[in-house]
Amino acid sequence: MNKPFALLTSLLLLPACQTTRTVTLVGMTDYHSHAVPFYSEGEPGQGGVARALAYLREAKTNPDTLVVSGGDTVNKGVPTWSDEYGCVEWPWFNGVLDVMALGNHDLDYGAEAFERCRASVSYPVLCANLVGADGAPYLQVEGKPYVVREVGGVRVGFFAVAGPDMQRLVKAENLPAGTRWTDATEAARAVVEALRTEEHVDAVVLLGHQLREDDEALARAVPGIDVIMGSHSHQKTELGLLPGTRTWYLAPYQYLAYLSEVRLRFQGGKLERVEGGLVKMDGTKREEPETAAEVGRLQRALVAKHPERFEVLGHLNRPLRDEGLTTGQAEVGTWAAEVWRRAAGVHAFFALSASFRGGLPAGEVTVEDFLGAIPYRNQLVTAELTGAQLADWVALSESKRGTDSYSQRSGIRYEVEDGRPVRLRVLKEPSHPEAGDEPVKPEAVYRVGTLDFQAFVAGGYKEALSVAGNVRRTELNAHTLLMDALRGGATASGIEQPHGK
């Protein structure tokens, strides 16, 4: 036997345990019916469902690629597209999506609407801890609350859970009849055990749908999850290991501005390496022509039917960007917080970064632009905090840096050392910010403002406000104040105030 032939024969006879295989996961999440390209991160024309679908279809030409969704595919109220067309896009992903997680907004229009959407698609929707009256998971595939996909001999298991925040956000009347939530961690533990011991999968992937901090806690509590495709928090996070775990995590921001792409490299069925990152869906990516044409047709009909949503509110002399929403002071957050602070007449104002879902472009700003960036309806709440309590509130916010529970703010500034805020300074006179600021005095009393969601719902903050004095929900509407500021010609440079670091 000659040497080349002998070498070929030996390679062919290698046991399966020596083979290598790369499985690629491409993920989308938190689309929220943003079918039309939009302004994001200081640039127009980002995202768009036609662009994402073109990329995903091309990715699926590789038989070793699986496409997944973290959910939140519709959104009641904003954008107008969702109210008019519901889940019209769901069937567009047939043959593309392999599996989808249930998101809280997927139930915005109630259980019957959700079931109609689910009936229109060929891919499964998962949530392991939404159970029926019998205690069994409501969303199942062949009697199981998970999906296993085999690619070239490699078995990958997918599952989803509804985190604590998602459970709070879904209205009880929107749940399927007889269903209820169970503990996400316990559900995950049971699913991972089944995937590992019964299905003998080579990798376990969590699709969503919960806050980043809940993903981290789950990864620590339930070993055996290889990858978490981050969702719900609308964070932009490159691939990396979660602290204290062997679980990889990444999150593609929101609205199809990015997709996640993860390459799982297996050797003999064992996961040896995880690589990948985020793929920006900008103008360098082509659109799928047929989808782009249909989106254009539907959008023109929408504008004609709802012209009030496309009314021009005002003009900005420069954009109000959303960069840094969860890690510092974003331009759009600083602007809004200062408008609200002045209206409330308080020393300092705080607003969750989750209150903002984008920036505002330079030039004309329409109602739809505005609501896309600041979609949630809130009333302003005022309270009195001692300087010590105010310092505790700021420390709470800083502890949440990197998540959308971090606060945008105005009227207060400070430095950060070892993760703690120090040298806090607050406005001397709320009605005269030109008078400057002064150090926060522990025994002094300060008037503080926030939005009602942060005051009465957001974890940590509602408890902190419970010890405040003179807590009052005002009649001031957060949307109305900002819209009036835009209509009144308040430009980016004319309203912001450089308080906060």
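The values are calculated or read from the model by the stated rules, or taken from the named source; none is laboratory data. The shown structure was predicted, so the numbers you read here are calculated from the model rather than taken from an experiment. Cβ atoms come from the backbone with ideal geometry, glycine included; neighbour counts cover every protein chain shown. Quick note on the areas: whole protein, heavy atoms, side chains included, nothing else; ligands and nucleic acids left out. Shrake-Rupley method; radii C 1.70, N 1.55, O 1.52, S 1.80 Å.
So the values come out like this:
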read-out	value
Checking A395 against (1) closer than 15 Å to H347 by Cα; (2) without any contact (Cβ under 8 Å) to a residue 60 or more places away in the chain; (3) surrounded by 15 or more Cβ atoms within 10 Å (Cβ to Cβ), the condition it does not meet	(1)
A221 buried (at least 17 other Cβ atoms within 10 Å of the Cβ) and of a type in the set (A, V, I, L, M)	no
Residues being among the hydrophobic types (A, V, I, L, M, F, W, C) and open to solvent by 30 Å² or more (accessible area, probe 1.4 Å) - total across the stretch 415-439	3
Count of the stretch 319-354 residues which are farther than 24 Å from V78 by Cα and either of a type in the set (S, T, N, Q) or modelled with pLDDT under 95 (or both)	3
Considering residues of the stretch 29-41 that are assigned to a strand (DSSP E or B) and open to solvent by 10 Å² or more (accessible area, probe 1.4 Å) only, the residue farthest from A101 (Cα to Cα)	Y39
Selection count where residues are at pLDDT 95 or above, in contact with a Pro (Cβ under 9 Å, 6 or more places away or on another chain) and under 22 Å from N104 (Cβ atoms), scope the stretch 191-213	2
Answer residue from the stretch 244-281, given it is farther than 20 Å from F38 by Cβ and among the basic types (K, R) and is most open to solvent (accessible area, probe 1.4 Å) among those	R246
Criterion: open to solvent by less than 20 Å² (accessible area, probe 1.4 Å), touching an Asp or Glu at 6+ places or on another chain (Cβ under 9 Å) and more than 25 Å from E434 (Cα to Cα) - qualifying residue of L371, L313, L320, L380	L313
Residue check, E290 in a helix (DSSP H, G or I) and of a type outside the set (G, A, S)	yes
Residues of the stretch 440-462 that turn out to be open to solvent by 20 Å² or more (accessible area, probe 1.4 Å) and in contact with a strand residue (DSSP E or B) (Cβ under 8 Å, 6 or more places away or on another chain), as a count	9
Of residues in the stretch 1-37 being over 21 Å from G157 (Cα atoms) and modelled with pLDDT of 95 or more, the one nearest to the chain's Cα centre (by Cα)	D30
Number of the exception - T326 against (1) assigned to a helix (DSSP H, G or I); (2) among the polar types (S, T, N, Q); (3) closer than 20 Å to Y253 by Cα	(1)
Some residue of the stretch 182-197 being open to solvent by less than 30 Å² (accessible area, probe 1.4 Å), in a loop (DSSP other than H, G, I, E, B) and not hydroxyl-bearing (S, T, Y)	no
Given (1) touching a strand residue (DSSP E or B) at 6+ places or on another chain (Cβ under 8 Å); (2) open to solvent by 40 Å² or more (accessible area, probe 1.4 Å), index of the condition T284 fails	(1)
